[in-house]
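Below is one structure, written out as structure tokens; comments come after it.
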Amino acid sequence: MEKRFFLASLAATGALPALAAPARPAASRGPALLTVTGAIAHANRSKFDPVADQMFHKQKLAFDKAWAFDFAALAALPAHTIRPTLEYDGKIHTLKGPMLVDVLQAAGAAVTDKSRITLRAVDGYAASLTGLEARTRRYLVATHLDGQPMALGGLGPLWAIYDADRIAEMAARPLPERFSTCPWALYHIDIG
Ligand SMILES: Nc1nc2c(c(=O)[nH]1)N[C@H]1C(S)=C(S)[C@@H](COP(=O)(O)O)O[C@H]1N2
Ligand SMILES: [Mo]
């Protein structure tokens, strides 16, 4: 059977997540920017390695199963654009990237409205939200700010963010209180 067809039929049976690109061998991938752990169906990398996974180790995290995304894998998912006012300058900015729920689906995560999702950033900052909030707030895993990829050392390379101006509960708050559940420099998502 042709490989592409085989993968497509696997996806159709639910054996593979529908949105997942065929897993590329680790050696041909770019560095993982985002690792999804917890309630996921499949792995595309090894379990937690106390040597290679030092930052996870320092943040006292470990996992048996993980799905890692490089930049290309995230860029291959349907991109959405939002235009929220950011708190740093009070101006409207454009953020683009895949929807968080699509990223989780591509990772084979079983997300329900009650799922507990932890979004964790490289500086250790973490935000906890439910599957319902991920969906209704329409969180993006933003890859671009105002048309540019975001630097590590800035807000990137990934920023979990929503369009606060378009979420009544957030728009009602002062700017500095709208984005507390939006980690920049996102690198890890755990599904409880
Ligand atoms: N990585 C990371 N993301 C973060 C934070 C942080 O400290 N680190 N602070 C959060 C909070 S509490 C707010 S109000 C906004 C703005 O915080 P900041 O000024 O630290 O960016 O970003 C959120 N995202
Ligand atoms: Mo904050």
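The values are calculated or read from the model by the stated rules, or taken from the named source; none is laboratory data. Quick caveat: nothing in here was measured; it's all calculated off a predicted structure. Heads up, the Cβs are rebuilt from the backbone with ideal geometry, glycines too, and the neighbour counts pull from every protein chain shown. Just so you know, the surface numbers come from the protein's heavy atoms only, side chains and all, with ligands and any DNA or RNA stripped out. Shrake-Rupley method; radii C 1.70, N 1.55, O 1.52, S 1.80 Å.
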(1) within 13 Å of the chain's Cα centre (by Cα); (2) small (Gly, Ala, Ser); (3) surrounded by fewer than 16 Cβ atoms within 10 Å (Cβ to Cβ) all hold for residue 90 apart from (1)
Of (1) of a type outside the set (Asp, Glu); (2) part of a loop (DSSP other than H, G, I, E, B); (3) open to solvent by less than 60 Å² (accessible area, probe 1.4 Å); (4) under 21 Å from residue 139 (Cβ atoms), residue 36 fails just (2)
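Name the residues in the stretch 115-133 that are outside any strand (DSSP E or B), within 16 Å of ligand 1 (Cβ to nearest atom) and farther than 23 Å from residue 58 by Cβ, would you? Steps first, please.
Quick first cut of the stretch 115-133, residues outside any strand (DSSP E or B) only: 115, 122-125, 131-133.
Those left that are additionally within 16 Å of ligand 1 (Cβ to nearest atom): 122-125, 133.
Answer for the stretch 115-133, where residues must be outside any strand (DSSP E or B), within 16 Å of ligand 1 (Cβ to nearest atom) and farther than 23 Å from residue 58 by Cβ: just 133.
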_Yes/no for residue 124 being in contact (Cβ under 8 Å) with a residue 24 or more places away in the chain, of a type outside the set (Ser, Thr, Tyr) and within 15 Å of ligand 2 (Cβ to nearest atom)_ = yes
Going through the stretch 143-165 in order, the residues found to be in contact with a His (Cβ under 7 Å, 6 or more places away or on another chain) and either within 14 Å of ligand 2 (Cβ to nearest atom) or not in a loop (DSSP other than H, G, I, E, B) (or both) are 145
Is there a residue being open to solvent by less than 60 Å² (accessible area, probe 1.4 Å), within 13 Å of ligand 1 (Cβ to nearest atom) and either in contact with a Ser or Thr (Cβ under 8 Å, 6 or more places away or on another chain) or assigned to a loop (DSSP other than H, G, I, E, B) (or both) anywhere in the stretch 102-114? no
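Does residue 180 satisfy being assigned to a loop (DSSP other than H, G, I, E, B), farther than 22 Å from residue 71 by Cβ and either away from ligand 1 (no atom under 15 Å from the Cβ) or of a type in the set (S, T, N, Q) (or both)?
Answer is yes for this residue.
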Filtering the stretch 166-177 down to residues that are assigned to a helix (DSSP H, G or I) and open to solvent by less than 50 Å² (accessible area, probe 1.4 Å) yields 170, 171, 175
